[in-house]
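A.B. asks: Structure below; questions to follow.
The values are calculated or read from the model by the stated rules, or taken from the named source; none is laboratory data. What you see is a predicted model, and the numbers here were worked out from it, not measured in a lab. Cβ coordinates were reconstructed from backbone atoms using ideal geometry, including for glycine residues, and neighbour counts include every protein chain displayed. Accessible surface is based on the protein model in full, side chains and every heavy atom, while ligands, DNA and RNA are left aside. Shrake-Rupley method; radii C 1.70, N 1.55, O 1.52, S 1.80 Å.
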Amino acid sequence: MAEEIDIIDQVTQSDYKYGFVTNIESDNAKVGLSEDTVRFISAKKNEPEWMLEWRLKAYKAWLQMTEPTWPNVHYPKIDYQKIIYYAAPKPKKVLNSLDEVDPEILETFKKLGIPMEEQKILAGVAVDVVMDSVSVKTTYKEKLKELGIIFCSMSDAVKDYPELVQKYIGSVVPVRDNYFAALNSAVFSDGSFCYIPKGTRCPMELSTYFRINEANTGQFERTLLIADEGSYVSYLEGCTAPMRDENQLHAAVVELVAMDNAEIKYSTVQNWYPGNKEGKGGIYNFVTKRGICQGINSKISWTQVETGSAITWKYPSVVLKGENSIGEFYSVAVTNNYQQADTGTKMIHIGKNTRSRIVSKGISAGKSQNSYRGLVKVNPNAENAYNFSQCDSLLIGDRCGAHTFPYLEVSNKTAKVEHEATTSKIGEDILFYCNQRGLSTETAVQLIINGYCKEVFQHLPMEFAAEAQKLLAVSLEGSVG
Amino acid sequence: MLSIKDLHASINGKEILKGFGLEVKPGEVHAIMGPNGTGKSTLANILAGKEDYDVTEGTVTFQGKDLLDMAPEERAREGVFLAFQYPIEIPGVSIANFMKASLNEVRKHRVLQPLDAVEFLKVMKEKMRFVEIDEKLMRRAVNEGFSGGEKKRNEIFQMAMLEPTLSILDETDSGLDIDALRIVANGVNKLKNENNAFIVITHYQRLLDYIVPDFVHVMYNGRIVKSGGKELALELEAKGYDWIKQEVDATV
């Protein structure tokens, strides 16, 4: 069967090769998705043949797949033929001062305590060349280069490090893994690539934040991060500032590879536009994130703070292949108004003495729905595997929902798996009690939320943790009272 | 300090307070007694600012300000403290964190500098000894898994921390054994001074063996029907409430 498909692939592909006509002078792809679109994107990016072949394989896989309906989220059917899959990064309209920026966004910046210079970058205001973060960025780049650390855009990596990309892309999240991963593989626009050489400890938090001005990564982001033997890296994705985007559908793929004794810490703060209070608009965020602990004693740790997007569908996972490897997942997912989140993790124990830890904190407010979905799988050969899962739900008000879907598949008798779950509610009685002690409702909610999320926040890099706290407060503003 | 005049209040259209009046001066302890369902807890909740009630008539003035016009947190910062009949559990927030936030809000209102962690801990330990509360409880979430007695002692601890001008104790004695009762009462007695006042709502005379009131008021059917000194409490203990009910009902 698979062979048959391959043959069909080859035939159709070659047909298309000759029939392929496109105007590559144009900056945008035509509306809709076809093999032409994929070729157009690849040509636009001057990609080598193997990359195009890989994309086309993904496209064909995608055609045979169907959109998943199992997540606990509801949205109107997406018409994939009405989406523009590639638009050349348009230079944003340069503003002359912060006075020209949407006051609502400025207000949020203020609440988050973002420094004035950073506000300007984020809002697209023209800044001086001598501006701090630019020089910081340059210093960072030189330092990384000295250590042999590669940190660049995915597009550059395809050109400059083709052997690394070719070896690892799709090795953790195969093209056919799921509907959105296949789509991403076919049409990914850009993303980040990172390689930490053997025995190297990356001396700073690597952050997409520093690349924010360089590339508009767009709606189909692809990230690949490889930590070679004995290396360590902490990677930050996203930022706490509100991100507005014209594109409604986002389908990113992130792949992590940790070799022997390597450790990857991957932190995300996601604050995409969640839609308005009536549930209009907002981003659909369908992300596939997975890491493989390939080597012995390796460790991958995901920490995420998810407050944005109208719909979130996301399960950062770890495949624990190397002996004694460790997988961790720390998550805070906040939904307010009409937001829907179905998020969690998968811990796949394959190697001996592998350990995993899951701490998930869901917060639902308004009329939102928040689901935790997690799989712990212990394969027959995974002797002495150990998992601990803690899944907590917090409800604010009485019109929202929290759901927990834990899945356990244990095929080895020596495995130890522990699961704890709690549900609590911030109701009027708690708020009145806090008010009676002089605390405003906003302060009370913040206090409770921070206490509740402490276990996750302490895994974030320090300055990020402080920002995340404020972000939660902003996200939940007006959710009570 | 506190002046309540002809207060009428209802919940879901049902009138609970029917012309309640009370004057409280600094340094005084008032006990409010009465049978179940006469509006004692309603009064406490209205003074603290719980939203469920509609005040239809009357005024409440606290230190010259219209109390009913203030949000619950403003009342608290102005110095009104309610020791809850059923203290609420706050998941994930330690008592230490809770009280630090609370005390610093109140201090801000009094134009005082917020306490830093070291100063705060010092004050907290001192007040904890005061109500004989176990230090280990301070790291636990507020009231979570506390016994009935621990919850009530925690209320008195919070009162000691915030040093309110007017403290309202809503059946703080209910569900307490004799030792806990003594500790709670000692706490109140030590906090008492010429500048603050207490309204002690209770069902039984028992608490008043330990907290000696200056005035005892009997509440029935939404208002005060009899007032007197501490001996009135003893009379009630001996004779029950029926004679009062009969007296009131006869005059209607």
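A.B. asks: Assuming A:Tyr433 fulfils every condition listed in (1) among the hydroxyl-bearing types (Ser, Thr, Tyr); (2) in a strand (DSSP E or B); (3) crowded, with 23+ Cβ neighbours inside 10 Å apart from one, which condition is it?
C.D. replies: All conditions pass for A:Tyr433, except number (2).
A.B. asks: I need the helices (runs of 4 or more DSSP H) fully contained in the range A:16-113, keeping only those with at least 2 residues that are at pLDDT 70 or above.
C.D. replies: Passing ranges, in order: A:35-44, A:49-63.
A.B. asks: Let me ask another. Where residues in the range A:382-404 are within 14 Å of another protein chain (Cβ to nearest Cβ) and touching a Leu at 6+ places or on another chain (Cβ under 9 Å), which of them is surrounded by the most Cβ atoms within 10 Å (Cβ to Cβ)?
C.D. replies: That would be A:Ile396.
A.B. asks: For the range A:405-430, give me the residue count where each residue is assigned to a helix (DSSP H, G or I) and either open to solvent by less than 70 Å² (accessible area, probe 1.4 Å) or touching a strand residue (DSSP E or B) at 6+ places or on another chain (Cβ under 9 Å) (or both).
C.D. replies: Matching residues across the range A:405-430 total 1.
A.B. asks: Restrict the check to the range B:134-142 and report whether at least one residue is over 20 Å from B:Gly79 (Cβ atoms), within 11 Å of chain A (Cβ to nearest Cβ) and open to solvent by less than 80 Å² (accessible area, probe 1.4 Å).
C.D. replies: Yes, the range B:134-142 has at least one match.
A.B. asks: Can you name every residue in the range B:125-141 that is outside any helix (DSSP H, G or I) and among the acidic types (Asp, Glu)?
C.D. replies: Across the range B:125-141, the qualifying residues are B:Glu132, B:Asp134.
A.B. asks: Working carefully through the options B:Gly79, B:Gly92, find the one that is in contact with a Pro (Cβ under 7 Å, 6 or more places away or on another chain) and over 26 Å from B:Arg182 (Cβ atoms).
C.D. replies: Answer to the selection: B:Gly79.
A.B. asks: So, one more: When the range B:170-185 is examined, which residues are found to be free of Cβ contacts under 8 Å to residues at least 40 places away in the same chain and in contact with a helix residue (DSSP H, G or I) (Cβ under 9 Å, 6 or more places away or on another chain)?
C.D. replies: B:Asp173, B:Gly175, B:Leu176, B:Asp177, B:Ile178, B:Asp179, B:Ala180, B:Leu181, B:Ala185
A.B. asks: Within the range A:454-467, take every residue that is part of a loop (DSSP other than H, G, I, E, B) and touching a residue at least 60 places away in the same chain (Cβ under 8 Å) and give me the one that is farthest from the other protein chains (Cβ to nearest Cβ).
C.D. replies: By that ranking, first place goes to A:Pro461.
A.B. asks: I need every pair where a residue in the range B:60-79 that is more than 16 Å from B:Lys108 (Cβ to Cβ) and within 11 Å of chain A (Cβ to nearest Cβ) has its Cβ under 6 Å from the Cβ of a residue that is open to solvent by less than 30 Å² (accessible area, probe 1.4 Å) and polar (S, T, N, Q), sequence separation at least 6 or different chains.
C.D. replies: From residues that are more than 16 Å from B:Lys108 (Cβ to Cβ) and within 11 Å of chain A (Cβ to nearest Cβ), the pairs are B:Pro72/A:Asn435; B:Pro72/A:Gln436.
A.B. asks: Taking the condition out of contact with any His (no Cβ under 6 Å at 6 or more places or on another chain), of a type in the set (A, V, I, L, M) and over 22 Å from B:Gly228 (Cα atoms), does B:Ala117 pass?
C.D. replies: Here the answer is yes, as B:Ala117 does meet what is asked.
A.B. asks: Still on this structure, please answer the following. What do you reckon, is A:Gly451 surrounded by 16 or more Cβ atoms within 10 Å (Cβ to Cβ), assigned to a loop (DSSP other than H, G, I, E, B) and within 12 Å of chain B (Cβ to nearest Cβ)?
C.D. replies: No.
Here's the yes/no breakdown for (1) modelled with pLDDT of 95 or more; (2) more than 14 Å from chain A (Cβ to nearest Cβ); (3) over 27 Å from B:Tyr210 (Cβ atoms):
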{"site": "B:Glu23", "(1), (2), (3)": "yes, yes, no"}
{"site": "B:Pro26", "(1), (2), (3)": "yes, yes, no"}
{"site": "B:Gly39", "(1), (2), (3)": "no, yes, no"}
{"site": "B:Leu43", "(1), (2), (3)": "yes, yes, no"}
{"site": "B:Asp54", "(1), (2), (3)": "no, yes, yes"}
{"site": "B:Ile95", "(1), (2), (3)": "no, no, no"}
{"site": "B:Gln113", "(1), (2), (3)": "no, yes, yes"}
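A.B. asks: Next question. Report, ordered by the first and then the second residue, all pairs with beta carbons closer than 6 Å, sequence separation of six or more or different chains, a first member in the range A:148-170 that is in contact (Cβ under 8 Å) with a residue 60 or more places away in the chain, and a second member that is open to solvent by less than 70 Å² (accessible area, probe 1.4 Å) and charged (D, E, K, R).
C.D. replies: A:Ser153/A:Asp190; A:Met154/A:Asp190; A:Met154/A:Arg222; A:Ser155/A:Lys45; A:Ser155/A:Asp190; A:Val158/A:Glu47
A.B. asks: Oh, and also: Quick one: B:Gln85 ticks every box in (1) under 30 Å from B:Lys122 (Cβ atoms); (2) within 14 Å of chain A (Cβ to nearest Cβ) except a single one, so which number is it?
C.D. replies: The number of the failed condition is (1).
A.B. asks: Show the residue pairs meeting these rules: Cβ distance below 6 Å; 6+ apart or different chains; first residue within the range B:143-169 and more than 16 Å from B:Ala76 (Cβ to Cβ); second residue among the acidic types (Asp, Glu) and open to solvent by 20 Å² or more (accessible area, probe 1.4 Å).
C.D. replies: B:Asn143/B:Glu89; B:Glu144/B:Glu89
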